[in-house]
Every structure is written in structure tokens, then in C-alpha cells.
1. State all residues of region 10-23 that are surrounded by 14 or more Cβ atoms within 10 Å (Cβ to Cβ) and either of a type in the set (Gly, Ala, Ser) or under 22 Å from the mean Cα position of the chain (by Cα) (or both); if no residue qualifies, say none.
2. Give just the number: which of (1) surrounded by 11 or more Cβ atoms within 10 Å (Cβ to Cβ); (2) at pLDDT 60 or above does Val104 not satisfy?
Amino acid sequence: MSPVAERLREFRAAVGLTQREVASLCGLGKRTIIYWEMGEREIKCTKLVPLSEEYDLDFNWLILGKGNMFNDVTDPAVVQPDERAEELEEVSVPNVEPVDQQWVDKDQPHQKEQEDVLPLIQRLRRK
């Protein structure tokens, strides 16, 4: 088995894909992936572009064995816990007016529900 075939199998195992799923993503037949992994056919890297796009697979790792399996893309939605704590400390809390109970109509049949919602509204206004 070629080193590229070994890395393809390693990638597939790391993300939990079957040969059939890899073949489907790449628009190939399952037998093609089997042949590639067994080293019976040459791997056409251009056919693996959908894997790279879907799973952020690093082609330098796949073809040359250099670097990491996945590209080092920093997702702004993913923040390390210590960075998030620093970010929260820097945020200043604006002055928030307390919610009055004037909107709660005591003569209405839904008074209890309105009173139950009041603490929630107060918490939301603080954010």
C-alpha cells in the first residue's frame, strides 16, 4: 500500500467515514476507493477535492505526509476558553433600567403568567 493510500485510510477512519461514503462524496464508485486503498490503482487527487472542502483535509498531509491532517483554519465561532474569559472581562455593562411591574395587569386572567415572565424579561434586558 502506498503512503498516500495509508493516509487516505487514516483520514477516513479519523472522521468515521466508510469507503462507500467517501466514494459518494467524491462522485466515485465504492470499488474505486477500495482499489485506491489497496494500492491497485493510482489515486487521482483531483477527485478528493470534495473531501478537502467538506472536512478541511490538508492536501499537503495527504499527498506529501507533511503538516496536519486538517487545515489550520481558525473559526471565529470557536474561541479558546481563556480567550473568551478575557473577552468577557473587557465588556462593559451598560446601565440597565429595571423593568417595572406596571405592564402586569392584575385584573387580567393571565396575571400569574405575566408575573412568571417578569424575571425572565429582567434578565434578558441585563444582557
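1. Answer for region 10-23, where residues must be surrounded by 14 or more Cβ atoms within 10 Å (Cβ to Cβ) and either of a type in the set (Gly, Ala, Ser) or under 22 Å from the mean Cα position of the chain (by Cα) (or both): Phe11, Arg12, Val15, Leu17, Glu21, Val22, Ala23.
2. Single failed check for Val104: (2).
The values are calculated or read from the model by the stated rules, or taken from the named source; none is laboratory data. Everything numeric in this text was worked out from a predicted model, so none of it was measured. For neighbour counting, all protein chains shown are included, and Cβ atoms are generated from backbone atoms with ideal geometry for every residue, glycine included.
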